[in-house]
1. List the relative contact order of the chain as a percent without decimals, with contacts defined as Cα pairs under 8 Å and 6+ residues apart.
2. Considering only protein heavy atoms and a probe of 1.4 Å, how much of the accessible area of segment 91-246 is carbon and sulfur, as a whole percent?
3. Calculate one ³J(HN,Hα) per residue across segment 237-254 by plugging θ = phi - 60° into the Karplus curve 6.51 cos²θ - 1.76 cosθ + 1.60, and present them in order as whole Hz with x for glycine and proline.
4. So how do 59-67, 219-227 stack up, highest first, on mean other-Cβ count within 10 Å?
5. Sequence neighbours fewer than 8 away in the same chain don't count; with that in mind, list the lysines whose C-alpha is under 18 Å from K227.
6. Using packing as a proxy for protection, rank 313-321, 201-209 so that the peptide with the highest average count of other Cβ atoms within 10 Å comes first.
7. Find the centroid of the Cα atoms in segment 299-328 and in segment 107-163, then give the distance between the two in whole Å.
8. Taking the Cα centre of the chain as origin, sum charge times position over the Cβ atoms of Lys and Arg (+1) and Asp and Glu (-1), and report the length of that vector in debye to the nearest 20.
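The values are calculated or read from the model by the stated rules, or taken from the named source; none is laboratory data. Keep in mind that this is a model prediction, so the values were computed, not measured. Reconstructed Cβ throughout: ideal geometry from the backbone, glycine too, with neighbour counts over all protein chains shown. To get the accessible areas, we keep the full protein, side chains included, count just its heavy atoms, and leave off ligands, DNA and RNA. Shrake-Rupley method; radii C 1.70, N 1.55, O 1.52, S 1.80 Å.
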Amino acid sequence: MKNRRPFLCLAALGLAALALARPADAAPLKIGYSDWPGYTAFEIAVQKGWFKQAGLDVELTWFDYSASIDAFSAGKIDADCIVASDALGAGAAGAPSKFIAIIDYSDGSDMIIGKPGISSISDLKGKKVAVEFGLVEHFLLLEGLKRAGLSQNDVTLVNTPTNNMPQTLASGQVAAVGAWYPISGQALQSAPGSKRLFTSADAKGLIYDVLAVNPASLAAHHDEWAKVAAIYYRCAAYILDPATHDDAVRIMAARVQQKPEDYAKNIPGTHFETLAEAKANYNGDGGKAMNLHDSLLLSDKFSLANGVYKQSQKPESYIAPGITLALP
């Protein structure tokens, strides 16, 4: 793995430059996060005390993923770690946001998993597939079907909460399920002989994760959110640096109650964005992956076609590159 220590140093310098005193009576910045590795990365900042070092009062709240979107939509949190396409859906329902940091793109940890005896996406024709309607695995499934010369009309979708996918696959009542890590790993274990049919590694950049902030909170606390973004990139650098990688994995694994050695095997399925990569991405260069803007255009079309919302969300209105591009 390439040494990423320079990114850690830059991020640390950025935090020092951005440090500002916070009024003692100010409300904390409330951020929702859940068990996806890119989101759990923020646990490193909690354990290392980086928010306090930066003069921030941050309240990180742990959720099941869908519940975090509900909390953001209800105004209970100021920001959410969220799949970019899902943020468009929340915006259409009345909770728009601004993407101040590109957290990662999925590089294999989102999966369509076939039960024993199902060996390819083509084998799903005429069969039942469990996905959570309108969310990211539904999006991934349609991409896989398209590449196999099939469409959504060729399968029967079964709307199922993602957290229930392990038992759903094990039941044998569906031919395949869609899930993200760590639930995807649990699903594979629940049905010996099950197989990965199509993953986000086959469609790099299709699924981006971002830190989405309520526009009013961003306007009122711009400098503080800039420090939060810098801290995320510091967390990413800590994960990617060989010198600190094992410690990062230990911290993240503990948060989701897994063994570090098991958790480490799944880290490659998430491509954590460094500060340099995120800057390039905001400027339209996704590197080896589709860039964020183009990915959002595809997800907007998906959501319109599948009734997630009725009017285009104009993806460019969600992308807020200014904070990341200004970080040193």
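1. Answer for the chain is 28 percent.
2. Its accessible area is 48 percent carbon and sulfur atoms.
3. 5, 5, 5, 7, 6, x, 6, 10, 4, 5, 5, 4, 4, 4, 5, 5, 5, 4
4. Answer by packing, highest mean first, reads 219-227, 59-67.
5. K30, K48, K52, K98, K279
6. Top of the packing list down: 201-209, 313-321.
7. 24
8. With only Lys, Arg, Asp and Glu charged at Cβ, the dipole is about 480 debye.
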